[in-house]
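Have a look at the structure below, then the notes.
The values are calculated or read from the model by the stated rules, or taken from the named source; none is laboratory data. Worth saying up front: this structure is predicted, and the values here are computed from it rather than measured. Cβ atoms come from the backbone with ideal geometry, glycine included; neighbour counts cover every protein chain shown. For the accessible areas, the whole protein counts, side chains as well, though only heavy atoms, and no ligand, DNA or RNA atoms are used. Shrake-Rupley method; radii C 1.70, N 1.55, O 1.52, S 1.80 Å.
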Amino acid sequence: MKYLTYVFVLLSSASLASAGVAFVSGSGNDANSCNSSNPCRTFQAAISHAGIGGTVVALDSSDFTLGSTLNISFPITIDGGPHGAFASGPLAGIVLNINVPSASYYSAVAIRNLTLLPPNYGASGSAGIIAVLGATPLKLENVTINMAYSQFSTAGISVLLDPYSSVSLKNVSIFTGTNFQSSFTVDQDCIDIYPSSPSPTGPFSVVAEDVHTDGCFNGILVQDGNATIRNSSFNGAVNAVGLIAAS
């Protein structure tokens with residue numbers, strides 16, 4: 001019995017080690033080891049240290065993308081902490097590009113405690129989050145997307161989901177400030193969630209709780225999926241609607 005218990009402890013330790021924790025700081029350096037004493041400067045560098053299923057933690061308030069797209073290709077947690085961490089994207093690009101199409105992953109990509117700043121005024125095709133997901137769930141918690149100066153942004157959040165995948169949004173706010181849709185024809189939706197296939201074999205799942213949008217062309221659009229929405233508001237839509245559930 002003692003031998004079996006001892007083996008179990010070793011296996012548990014090995015499994016925990018496979019998913020690490022990496023740290024970033026405004027005073028860090030991407031050449032560092034990304035531990036708490038020697039943090040990296042950007043989320044992108046820290047992701048490779050954390051590994052699949054790992055966690056990247058911000059130690060202070062700073063821009064941890066430095067105007068570059070953050071590319072995520074496997075399940076991981078990005079946690080800005082209580083410091084007011086934020087991320088910005090390139091002029092004509094997006095802030096977060098999450099592309100995890102493989103069905104071999106089942107743990108989530110989680111983004112929490114973070115403010116996203118899509119490219120400034122005049123950046124065509126920019127967005128806060130673009131995600132293409134297979135079996136990997138997407139979880140956003142305590143996330144703010146400020147599109148106040150992103151006149152030509154296509155969306156705050158745009159997600160393509162495989163059947164039976166899921167998106168969870170909790171305490172998410174997206175706003176444009178001044179609504180550009182009154183004079184421009186770009187469909188700047190706050191949240192778009194579509195199936196990845198034009199002929200999906202089953203629905204996906206969306207849960208939105210305490211989600212608030214303001215000033216977008218459409219507030220939230222969910223097509224061919226199952227959606228549960230609680231304690232949420234979709235305000236300021238110009239010549240459009242707050243909520244669209246389409247099939």
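Counting only protein heavy atoms and a 1.4 Å probe, the range 30-157 has 36 square angstrom of accessible area per residue. Within the accessible area of the range 56-133, the carbon and sulfur atoms contribute 57%, probe 1.4 Å, all protein chains present. Residue 24 sits among other residues whose Cβ lies under 13 Å from its own Cβ, and their net charge, with Lys and Arg +1 and Asp and Glu -1, is -3.
Grab the beta carbon distance between residue 99 and residue 37, set R0 = 30 Å, and tell me the FRET efficiency rounded to 0.05. Kindly include the intermediate steps, with their values, before the conclusion.
Numbers: r = 32 Å, r/R0 = 1.07.
Efficiency, from the Cβ-Cβ distance: 0.40.
When you count the other C-beta atoms within 10 angstrom of each residue and take the mean per peptide, 213-220, 48-55, 195-202 line up highest first as 213-220, 48-55, 195-202. Packing here is the average count of other Cβ atoms within 10 Å per residue, and on that basis the peptides 22-31, 100-109, highest first, run 22-31, 100-109.
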